[in-house]
Amino acid sequence: MITASFRHIAGIGPLRERQLWFSGVRSWAELPQTGEVLSPRLDGKLREGVATSVRKLAEGDLDFFARALPQTEHWRLLPQVIEDAAFLDIEAAGEKVTVAGVLDRDGLASFREDLPGFRERSRGWRALVTFNGTAFDLPILRRVLPLWEPPAVHVDLCHVYRRLRQKGGLKEVEANAGFFRPPHLAVLSGADDPAALRRLVEYNLYDVFHLRPLAELGYNRLLQRSRMPASELPVTDRGALLYDVSRAVAAACQAARSEAMGGASEARKSRS
């Protein structure tokens, strides 16, 4: 789909991009090599930008497009990155992360407090997909993990759904999409008592696994809204992920019990 995008090229804004589409230049490959396309002033930049774009895409350099596009336009990169993206959500109390949930190529996972293993897992990510991660999740994670470098591509679904004129937070967007969660998770917030570990982890992972189908739905709706000449994404079946949520919750709780038992054992040793 990125091959239908021209916004990352200097001098091409939304109106010029639409002008290209409506004149028959619906992708980089359809750009005429001779003759006037937009204007004598812009055509040289346009052809040079398309040539660079073709080369960067062939090299797999998606960071080039992430840097050149406004952050609110990173949704355009979803078809290129979705299989190697991390769908991420954190729960925090103040500046402290209580739980971080991730859905990536390796499945669902939950990380607690000091986030052991998080940085290693993130090395395979080519993009992040969050809801309001620009304002909330990423600033906190950067403070907690100052050496962590997030991927350059970041699709913030809060921006996507604001453009689609949907108000409210993630739970309201979920409800509008027909996505629901068990009643015992309906009113929990990330500031609730983190000692209720199982409930907090389950709440967080429901946030996480809803991000993928919401990203796909949002992408498809923005295609329709912008009239961009590109194919829609298939929407992930939520039912296929529910079993993984149960497994991830059980694994996180088992890890917490093991950690608690280890801490108790160390405390007994120190007293003896």
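Specify whether the C-alpha gyration tensor of the stretch 1-132 places it in the rounded, prolate or oblate class, a ≥ b ≥ c being the square roots of the eigenvalues: rounded for a/c under 1.5, otherwise prolate if a/b is larger than b/c and oblate if not.
Details: a/c = 3.44, a/b = 2.70, b/c = 1.27.
Judged from the Cα gyration tensor, the stretch 1-132 comes out prolate (a/c at least 1.5, a/b above b/c).
The long axis of helix 239-271 is offset from the longest Cα principal axis of the chain by roughly 40 degrees. Over the chain, DSSP H runs of length four or greater, each weighted -39,500 (n - 2.57), average out per residue to a 222 nm ellipticity of -15000 deg cm²/dmol.
Taking R0 as 25 Å, what's the FRET efficiency between ASN132 and VAL235 from their Cβ-Cβ distance, rounded to 0.05? Before the final figure, lay out each step's value.
Working: r = 22 Å, r/R0 = 0.86.
Step by step, r from the Cβ atoms, then E = 0.70.
Model label points for LYS167 and ARG26, set 7 angstrom from Cα along the Cα-to-Cβ axis, are 3.7 nm apart.
Only protein heavy atoms count here; on that basis, with a 1.4 Å probe, GLU232 has an accessible area of about 100 Å². Result for the chain in a Gaussian network model with C-alpha springs under 10 Å: among THR130, THR34, THR72, the largest mean-square fluctuation is at THR34.
Comparing LEU115, LEU103, LEU211 in a Gaussian network model of the chain, where Cα atoms under 10 Å apart are tied by springs, the biggest mean-square fluctuation is seen for LEU115.
On a 0 to 90° scale, report how tilted helix 40-58 is relative to the longest principal axis of the chain, with both axes built from alpha carbons and the result rounded to the nearest 10. Approximately 40 degrees, to the nearest ten. For the chain, the relative contact order works out to 18 percent when only alpha carbon pairs closer than 8 Å and six or more residues apart are counted. Taking a ≥ b ≥ c as the square roots of the eigenvalues of the alpha carbon gyration tensor, the stretch 67-209 is oblate, as a/c is not under 1.5 and a/b does not beat b/c.
Our coupling estimate for the stretch 20-35, obtained by passing each phi through the Karplus curve with A = 6.51, B = -1.76, C = 1.60 and θ = phi - 60°, is 4, 4, 6, 8, x, 8, 9, 7, 4, 5, 8, 6, x, 7, 9, x Hz, Gly and Pro reported as x.
The stretch 9-64 and the stretch 65-106 have Cα centres spaced 27 Å apart. Neighbours of ASP63 by Cβ distance under 10 Å: Lys/Arg scored +1, Asp/Glu scored -1, total +2.
Please report, to one decimal in angstroms, the Kirkwood hydrodynamic radius of the stretch 136-177 built from all distinct Cα-Cα pairs. When all Cα pairs of the stretch 136-177 are included, the Kirkwood radius is 12.1 Å. For the chain, the Cα gyration tensor yields ellipsoid semi-axes of 42, 20, 14 Å (square root of five times each eigenvalue, largest first, whole Å). Angle of helix 197-226 to the longest C-alpha principal axis of the chain, folded into 0 to 90 degrees and rounded to 10: 10°.
Just to be sure I understand: if I project the alpha-carbon convex hull of the stretch 61-141 onto a plane and average over all orientations, what area do I get in nm²? Intermediate values should be presented prior to the final figure.
Working: hull surface 21.6 nm².
Across all orientations, the stretch 61-141 yields a mean hull projection of 5.4 nm².
Computed over the stretch 99-141, the convex hull of the alpha-carbon atoms projects to a mean area of 3.1 nm². A simple spin-label model places the labels of ASP63 and ARG119 1.7 nm from each other, with each point 7 Å out along Cα-to-Cβ. Using alpha carbons only, how many angstrom separate the centre of the stretch 114-129 from the centre of the stretch 208-252? Between the Cα centre of the stretch 114-129 and that of the stretch 208-252, the gap is 19 Å.
Amide H contacts under 5 Å for PHE131: LEU157, restricted to partners 5 or more places along the chain or on a different chain, H placed in the peptide plane at 1.01 Å from N.
The values are calculated or read from the model by the stated rules, or taken from the named source; none is laboratory data. Keep in mind that what you see is a predicted model, and the values were worked out from it rather than measured. Reconstructed Cβ throughout: ideal geometry from the backbone, glycine too, with neighbour counts over all protein chains shown. Calculation scope for accessible area: heavy atoms of the full protein, side chains included, ligands and nucleic acids excluded. Shrake-Rupley method; radii C 1.70, N 1.55, O 1.52, S 1.80 Å.
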